[in-house]
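The values are calculated or read from the model by the stated rules, or taken from the named source; none is laboratory data. All of these numbers come straight from a predicted model, not from anything done at the bench. In this analysis, Cβ positions are derived from the backbone assuming ideal geometry, glycine residues included, and neighbour counts consider all displayed protein chains. When the accessible area is computed, the model is the full protein with side chains, heavy atoms only, and any ligands, DNA or RNA have been set aside. Shrake-Rupley method; radii C 1.70, N 1.55, O 1.52, S 1.80 Å.
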Amino acid sequence: MKQIMYSLAVILMALMLVGCEGQASAQSAAQQTATVQRGNLTATLSTAGTVAAQAQVTLAFQTSGQIKAINVKTGDQVKAGQVLAQLDSTALEMAVAKAQVALETSKVSLQQTKEGPTAAEVQSAKASLASAQAAYQAALNKYDLSDAQLAVARAQVDKAKATLERAQLAYDWEKNNWLDADPTQSAQKESLDDAQSAYDLAMLSYNQTAAGINDSALQSAASAVAQAQYQLDDLLNTPTPEDVASAEAQVKQDEASLQQAQLQLAQASIVAPFDGTIADVYAQVGQQASTSTQVVALADLSRLNLAVTLAEVDMPKVKAGQQAEITFDAEPSQVFTGTVTEIDLVGTTTSGVVNYAATVSIDNPTDALRPGMNASASIILQQRENVLLVPNRAVRSVGKTKTVTVVNGEQSSEVSVTLGLSGDTKSEVVDGLHEGDVVVINQTTTSSGSAR
């Protein structure tokens, strides 16, 4: 009986030993380890967004009119300065031509003003003055002669009046003293009539002479002399500074008018502001267009941007100039490179979540990429070369302390570590581990940041 009990005890102990060894083997098989090694580490931030052309505009005329020509079609490659569409500009072209003529005329006038009067102009002015002076002298001579004639006529009137008075006295004496005679038939009556006729003729001559004397002609001649003298003096004293300034101001005014006319003519054409591709044509020839009529859309497809959003916690990590790797569903086999070019200073809040818009310029776009496509980007935040690396799955966090389990043969120990840059799968070891150390990989992981 004792022998049986002993045998059962041995068997039971054997079974227990086998079970312990199996459990230990299972635990050993379940435990995964990794070796701490040196390598390169890249930390990235993943985001997504939509592609847009770096330069994309919808163009319209800057004035109203009927569309005369559309020189492009969708898909055409154009150069900056190329005329894409035109309005009927007949009236505007005429306005430019008229302004050009006015400017040329004012320039000639300015040149003539600066040069002063010609010898022929001075000689002509002197001749006009001499002629006016001669006319004035003639008027003056005529005035003096008429005045002398008036004095003679006055004397003749006085003489005729004296004769008439004597004849009147003789007739009156005859009439009063010869009662038996008819005085109307006497010689005195005949002398009286003759004297009266002579007096009437003298008065008529005097009145006619007086009426012929008119100093307005003399005044007019004097005014003509003064005017001719002023014109000659003005001619000899030109150009004055005021004359030159006035002529120069006219030139500037005509230059401004020409520029205005040329601007209005230019507004009747749509010119490509940059090299690019015609994305769409909205109008047609013969259509009446206004400043709000969309005519063509132009995009620079050689320079594409990816518009992405950054979470509030990620925004401080991203800086202009950082590189990015971009993938498209439309081009799954190709990785495109890009550069962060812009980050908004002000975020947008949606449902209490703050996001910041950022722009990634695609460095190597192809014809397969189009505005509106969706893409994913990995922004390279930092890079380290030849640093000590530990798998993120080997690191455990206890508060602010980070530890790893180091295996040395059959022994294991917990070691505190100081980490630097963290990637998607590995982190930089600053202190606590050495190259070649074997660490246990945990079943659960902790990682900081999104990197690779």
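Every residue, every condition in (1) without any contact (Cβ under 8 Å) to a residue 24 or more places away in the chain; (2) open to solvent by 50 Å² or more (accessible area, probe 1.4 Å); (3) closer than 30 Å to SER376 by Cβ; (4) not small (Gly, Ala, Ser), yes or no:
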| residue | (1), (2), (3), (4) |
| --- | --- |
| GLN37 | no, yes, yes, yes |
| THR47 | no, no, yes, yes |
| ALA52 | no, no, yes, no |
| PHE61 | no, no, no, yes |
| VAL83 | no, yes, no, yes |
| VAL101 | yes, yes, no, yes |
| GLU104 | yes, yes, no, yes |
| LYS107 | no, yes, no, yes |
| THR118 | yes, yes, no, yes |
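Annotation note: of GLN219, GLN262, GLN227, the sole residue that is surrounded by 15 or more Cβ atoms within 10 Å (Cβ to Cβ) and either modelled with pLDDT of 85 or more or in a helix (DSSP H, G or I) (or both) is GLN262.
Pick from the range 293-306 the residues that are surrounded by fewer than 17 Cβ atoms within 10 Å (Cβ to Cβ) and modelled with pLDDT of 95 or more: which of them is farthest from VAL57 (Cα to Cα)? Here the residue is THR293. Suppose the filter is of a type outside the set (Asp, Glu), modelled with pLDDT under 95 and under 30 Å from VAL429 (Cα atoms); does ASN386 pass it? Judged against the criteria, ASN386 is a match. Out of ASP314, ASP243, one residue alone is crowded, with 19+ Cβ neighbours inside 10 Å, touching a residue at least 60 places away in the same chain (Cβ under 8 Å) and among the acidic types (Asp, Glu). It is ASP314.
Counting only residues that are farther than 30 Å from THR277 by Cβ and without any contact (Cβ under 8 Å) to a residue 40 or more places away in the chain, give me the strands (runs of 3 or more DSSP E) lying completely in the range 333-394 with at least 2 of them. So that I can check it myself, show each step before the final result.
Details: elements: 336-343, 348-350, 353-362, 374-391.
Result: 348-350.
Given the residues VAL353, VAL340, VAL335, VAL346, which is the only one that is modelled with pLDDT of 95 or more and out of contact with any helix residue (DSSP H, G or I) (no Cβ under 9 Å at 6 or more places or on another chain)?
VAL340
Collect the residues in the range 334-351 that are open to solvent by 50 Å² or more (accessible area, probe 1.4 Å) and on the phi < 0 side of the Ramachandran plot, keeping them in residue-number order. Walk me through how you get there before you give the answer.
Going residue by residue through the range 334-351, those that are open to solvent by 50 Å² or more (accessible area, probe 1.4 Å) are 334-335, 337, 341-342, 344-346, 348-351.
Within the range 334-351, GLN334, VAL335, THR337, THR341, GLU342, ASP344, LEU345, VAL346, THR348, THR349, THR350 meet the criteria.
All conditions in (1) modelled with pLDDT of 95 or more; (2) surrounded by 13 or more Cβ atoms within 10 Å (Cβ to Cβ) hold for LEU232, with the sole exception of (1).
Would you mention how many residues in the range 185-206 are surrounded by 12 or more Cβ atoms within 10 Å (Cβ to Cβ), modelled with pLDDT under 75 and out of contact with any helix residue (DSSP H, G or I) (no Cβ under 8 Å at 6 or more places or on another chain)? Residues in the range 185-206 being surrounded by 12 or more Cβ atoms within 10 Å (Cβ to Cβ), modelled with pLDDT under 75 and out of contact with any helix residue (DSSP H, G or I) (no Cβ under 8 Å at 6 or more places or on another chain): 0 in total. For the range 352-406, filtering for residues that are under 20 Å from GLY420 (Cβ atoms) and exposed (fewer than 14 other Cβ atoms within 10 Å of the Cβ) leaves 7.
Would you confirm whether any residue within the range 317-328 is among the aromatic types (Phe, Trp, Tyr), within 37 Å of the chain's Cα centre (by Cα) and either within 15 Å of VAL51 (Cα to Cα) or in a strand (DSSP E or B) (or both)? Taking every residue of the range 317-328 in turn, none turns out to be among the aromatic types (Phe, Trp, Tyr), within 37 Å of the chain's Cα centre (by Cα) and either within 15 Å of VAL51 (Cα to Cα) or in a strand (DSSP E or B) (or both).
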